[in-house]
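The values are calculated or read from the model by the stated rules, or taken from the named source; none is laboratory data. Values in this document were obtained by computation on a predicted structure and should not be read as measured data. We place every Cβ from the backbone using ideal geometry, glycine too, and count neighbours over all the protein chains shown.
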Amino acid sequence: MTTRRDRRRQQASTGTETIEAAVLRATEELLGKQALDEIAVADILAGSGASRTSFYFYFESKDAVAAALLRHIAHDFRAAMALWVGESDQPRLDALRDAVRETVRIWRRHRGVLRAAYEAPPHSSEIGRVWESILDGYVTVAAGHIETERAAGRAPAGPDPATLARILIGANNQAFYHHVMTGETDDGFVDALAHVWAAGIYGHPGGVPGS
């Protein structure tokens with residue numbers, strides 16, 4: 001059944017792009033050049049071709065647009081994490097490297113949105129709350145996988161998995177932000193961060209021998 005919102009999406013379009021998609025695109029383009037607090041709704045309207053009425057039909061604020069972009073990016077992050085937590089015959093360090101390398105690509109591709117998420121107050125802005133929720137979800141996934149690796153004998157007993165995962169995810173968040181903002185090359189960064197994870201979870205950088 002076609003809903004009223006679906007009909008509005010179909011009717012309110014600019015060329016082949018819906019108004020909602022145009023607003024998301026324009027906002028991400030602006031975030032590639034400016035901080036979120038420097039962008040006005042009028043700037044988004046100019047870049048998207050949307051009317052003010054159409055904008056507020058889909059979004060309550062520019063912060064809500066940024067949060068929507070972040071939710072889309074979260075799907076890419078989950079796919080990157082799956083390179084490590086998914087079933088694989090790869091050595092653990094190689095799997096971690098692949099996951100880190102793909103995450104760097106996502107940060108570079110969506111640099112402006114992720115910068116806004118990192119810099120946002122975690123409890124007083126929508127994008128900040130969404131980012132905190134996403135990070136909490138990754139902590140849960142990582143902690144569960146640490147438990148799985150220990151149960152399978154691929155990782156030794158160690159600190160509480162949830163605490164270890166929270167420390168590693170927190171370090172990731174800061175490390176990716178500073179790495180991407182400085183524009184340094186990726187190879188050394190990927191190797192170093194993968195080693196940090198391998199050492200923290202498996203006891204040494206190469207992971208469990210034979211894994």
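Just a few scattered comments:
- Complete set of residues in region 25-55 that are basic (Lys, Arg), under 15 Å from Leu114 (Cα atoms) and without any contact (Cβ under 8 Å) to a residue 60 or more places away in the chain: Arg25
So that you can scan it fast, the table gives a plain yes or no per residue for (1) crowded, with 18+ Cβ neighbours inside 10 Å; (2) of a type outside the set (A, V, I, L, M); (3) within 18 Å of Met181 (Cβ to Cβ):
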position: Ala66; (1), (2), (3): yes, no, yes
position: His72; (1), (2), (3): no, yes, no
position: Asp89; (1), (2), (3): no, yes, no
position: Leu114; (1), (2), (3): yes, no, yes
position: Glu119; (1), (2), (3): no, yes, yes
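Each row is one residue, and each column tells you yes or no for (1) under 18 Å from the mean Cα position of the chain (by Cα); (2) more than 19 Å from Arg97 (Cα to Cα); (3) surrounded by fewer than 17 Cβ atoms within 10 Å (Cβ to Cβ).
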residue: His145; (1), (2), (3): no, no, no
residue: Arg150; (1), (2), (3): no, yes, yes
residue: Ala155; (1), (2), (3): no, no, no
residue: Ala165; (1), (2), (3): yes, no, no
residue: Ile169; (1), (2), (3): yes, no, no
residue: Phe176; (1), (2), (3): yes, no, no
residue: Glu184; (1), (2), (3): no, no, yes
residue: Gly188; (1), (2), (3): no, no, yes
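- A single entry from Ala74, Ala66 fulfils the requirement of being touching a residue at least 40 places away in the same chain (Cβ under 8 Å) and either under 21 Å from Glu38 (Cβ atoms) or assigned by TED's automatic domain parsing to the domain that holds Leu45 (or both): Ala66.
- Meets criteria (under 20 Å from Ile73 (Cβ atoms), touching a Gly at 6+ places or on another chain (Cβ under 9 Å), without any contact (Cβ under 8 Å) to a residue 40 or more places away in the chain and surrounded by fewer than 13 Cβ atoms within 10 Å (Cβ to Cβ)) for Pro159: no
- For region 34-70, the set of residues classified as outside any helix (DSSP H, G or I), more than 21 Å from Ile106 (Cα to Cα) and not polar (S, T, N, Q) consists of Ile39, Ala40, Gly49, Ala50, Phe59, Glu60, listed by residue number.
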